[in-house]
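Right, one structure below, let's go through it.
Just so it is clear, none of the values below were taken in a lab; they were calculated from the coordinates. Owing to the predicted nature of the structure, the values given are computational and were not obtained by experimental measurement. Using ideal geometry, Cβ is built from the backbone for each residue, glycine included, and neighbour counts are taken over all protein chains shown.
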Amino acid sequence: MKDAAALYAERAQLIEDAVNLKESDRVSNATRVNVFPFYEYGVTIAQAMRDYDKATEAILKYHNDFQPDIGTSLSTQLPAPVLDAMGIKNIRYAGSGGLDENSTFQYVEYPTLEEEEYDEFFADPTGFAFRKWLPRCFSVFEPFTKMDYLAMMGGGWMDPMINFTSPAMVDSYKRLTTASEEFRRFNEACAVCSAKLRDAGFPSIVGGGSATAFDMLGDQLRGTFGMMPDLKLQPENVHRAIDYFADAHIRHSVGLYKLTGNKYQWVMLHKGSDEFIGDDDYAEFYWPSLQKWILALIDEGIVPVVFCEGTYNKRLKFLKDVPKGKVIYLFETIDIREAKKQLGDVACIMGGFPMFTVTHGTPEKIRDQVKEYMDVLAPGGGYIFSLSASVDMCPRENMEALFDAVQTYGKK
C-alpha cells in the first residue's frame with residue numbers, strides 16, 4: 001500500500017501526463033462530487049452549508065471510501081450564513097426560498113441590466129454597479145440606490161458624512177461585517193479541508209471558477225431572454241460589453257492563480273452549447289473572447305479547464321484551435337468518437353460520461369459503458385475519466401461499480 005505522499009505524486013503526474021497528451025499506465029479517475037458525500041453520510045445540504053466541520057467530515061469519508069484521483073474540497077459549496085446576511089436575490093438554496101433542507105441550489109435569472117441601460121453602463125460601470133447591479137442582486141446594497149455621487153462631490157465635506165452615516169447605510173455595514181466574519185470562517189474551513197485532502201494524497205485541479213465574457217453578460221446582466229434578442233437588435237453593444245468582460249475575465253483568472261498557486265483555472269460555458277446559439281453567432285460572439293482567455297492563461301503558465309456545458313459536437317472545430325497539450329476540455333455531452341478524432345492530438349479530453357447512467361443505470365450498464373469510453377478515449381493518452389457533471393444523488397452500489405470499472409478498464 002502506497003503512502004499518501006506517493007499517492008499524491010502519482011495522481012498529480014497522471015493529470016500532468018494527460019494534459020501533455022502522454023499515455024500513462026492507467027487513466028486518472030477524476031470523478032467529481034457535489035453533495036453526494038452529504039446524502040451518503042447523513043448530513044443534510046442545509047447543515048453542510050452552515051456546519052463546515054460536519055461537511056468536511058463527510059467529504060473526507062467519501063474520499064477515504066472511494067479513493068478518487070482528485071480531491072473535491074469544501075470550497076465547491078456555498079456558505080448559507082453569508083448569503084443570508086447579504087440578502088442574495090438570484091440564488092435559492094437548501095432551507096431558503098421554499099426549498100427543503102436537501103435541495104441543491106437554484107439560480108433565479110432576471111435582467112440586472114435593462115435593454116435601454118447599455119449607455120449608462122458603459123459611461124460609468126462602477127457607478128452602475130453600485131447604484132443598480134449590486135442592489136438588484138443583494139438586498140444589503142439597496143441603500144446605495146439613493147446615492148448621487150456627483151452631487152455628493154459638489155456638496156463638499158458635509159454630504160459624504162450625511163450619506164454614508166445614514167441609518168440604512170449603517171445597517172448595511174453591520175450586515176456586511178457579519179458576512180465578512182462568516183466568510184472568513186468558511187474560508188478557514190475550506191483551507192483545513194483542502195489541507196487534509198492533500199495530506200491524504202488527493203491533489204486538486206480546481207483553482208478557481210468563472211464564466212466566459214459572453215456568459216458574464218448573459219448570466220449576470222442581461223439574462224438569457226434579454227441577451228438573445230440583443231445579438232440581433234443591438235450587436236454593437238454586445239460586442240462592446242464582451243470586449244470589456246474579456247479583459248476582466250483574464251484578470252480574474254490570473255489573479256486567482258497568483259492567490260492560490262493552483263495552475264488549473266476553470267471556466268464554465270453556460271450559453272455556448274449546440275442548443276443555444278448557431279455556429280455563426282458562436283464564431284462572432286462566443287469563441288473570440290473564450291480563445292483570448294485560453295491563450296492568455298497559457299502564456300501565464302496556467303492550464304485552462306474549459307467546462308463545455310450542454311452538447312458540444314458542433315463546436316469541436318473551434319475548440320481545436322489552441323496550442324497542443326495545454327488545455328483540458330471537460331465535456332457534458334459529446335460524441336466521444338468525434339471528440340477523439342478532432343481533439344485527440346490537440347487537447348486533453350475529460351468528462352462526458354453520462355450522469356444518467358450513474359444515477360439511474362445498473363452496475364452492469366455502468367461497467368459496460370465505462371469500458372466503451374476507455375476503449376475509445378484512452379488509447380494514445382490525453383484522457384481523464386470524469387462524469388458529465390458532479391454527483392449529487394446516486395445509489396452507493398452504482399458509485400462502487402463506477403470506481404471498480406474505471407480501475408479495471410482504465411489500465412493500459
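If you take the residues in the stretch 299-322 that are β-branched (Val, Ile, Thr) and in contact with a strand residue (DSSP E or B) (Cβ under 7 Å, 6 or more places away or on another chain), which one is farthest from ARG251 (Cα to Cα)? Walk me through it before giving the result.
Initial filter on the stretch 299-322 (β-branched (Val, Ile, Thr)): 302-303, 305-306, 311, 322.
Narrowing the set further to residues that are in contact with a strand residue (DSSP E or B) (Cβ under 7 Å, 6 or more places away or on another chain) leaves 302-303, 305-306, 311.
On the way: ILE302: 13, VAL303: 15, VAL305: 16, VAL306: 17, THR311: 28 Å.
That would be THR311.
Out of the residues in the stretch 334-354 that are crowded, with 18+ Cβ neighbours inside 10 Å and of a type in the set (A, V, I, L, M), state the one that is nearest to VAL370 (Cα to Cα).
Step by step, filter the stretch 334-354, then rank; the result is MET350.
Here's a check for you: in the stretch 316-333, which residue that is charged (D, E, K, R) and touching a residue at least 60 places away in the same chain (Cβ under 8 Å) is surrounded by the fewest Cβ atoms within 10 Å (Cβ to Cβ)?
Pass one, the stretch 316-333, residues charged (D, E, K, R): 317, 320-321, 324, 326, 332.
Those left that are additionally touching a residue at least 60 places away in the same chain (Cβ under 8 Å): 324, 326.
Details: LYS324: 12, LYS326: 20.
Here the residue is LYS324.
Please enumerate the residues belonging to the stretch 95-153 that are small (Gly, Ala, Ser) and either exposed (fewer than 14 other Cβ atoms within 10 Å of the Cβ) or touching a His at 6+ places or on another chain (Cβ under 9 Å) (or both). Full working, then the answer.
First, the residues of the stretch 95-153 that are small (Gly, Ala, Ser): 95-98, 103, 123, 127, 129, 139, 151.
Once the filter is applied, which keeps residues that are small (Gly, Ala, Ser) and either exposed (fewer than 14 other Cβ atoms within 10 Å of the Cβ) or touching a His at 6+ places or on another chain (Cβ under 9 Å) (or both), the stretch 95-153 yields GLY98, ALA123, ALA151.
Take residues that are β-branched (Val, Ile, Thr) and touching a Lys or Arg at 6+ places or on another chain (Cβ under 8 Å) and tell me which of the helices (runs of 4 or more DSSP H) falling wholly in the stretch 213-328 contain 1 or more. Talk me through it step by step, then tell me what you get.
Numbers: elements: 213-217, 224-233, 235-260, 287-299, 316-319.
Answer list for the stretch 213-328: 224-233, 235-260, 287-299.
Taking the stated definitions as given, is ILE336 of a type in the set (A, V, I, L, M) and more than 18 Å from MET268 (Cα to Cα)?
Numbers: of a type in the set (A, V, I, L, M): yes; more than 18 Å from MET268 (Cα to Cα): yes.
Answer is yes for this residue.
Please determine, by comparing only the residues of the stretch 42-67 that are crowded, with 17+ Cβ neighbours inside 10 Å and assigned to a loop (DSSP other than H, G, I, E, B), which one is nearest to the chain's Cα centre (by Cα).
MET49
What residue, among those in the stretch 293-303 that are more than 17 Å from TYR383 (Cβ to Cβ) and touching a helix residue (DSSP H, G or I) at 6+ places or on another chain (Cβ under 9 Å), is surrounded by the fewest Cβ atoms within 10 Å (Cβ to Cβ)? Explain how you work it out, then say what you get.
First pass over the stretch 293-303, keeping only residues more than 17 Å from TYR383 (Cβ to Cβ): 293-302.
After this cut, where a residue has to be touching a helix residue (DSSP H, G or I) at 6+ places or on another chain (Cβ under 9 Å) as well, the list is 293, 296-297, 300-302.
Details: TRP293: 24, ALA296: 18, LEU297: 23, GLU300: 13, GLY301: 9, ILE302: 22.
Applying the filter and picking the extreme gives GLY301.
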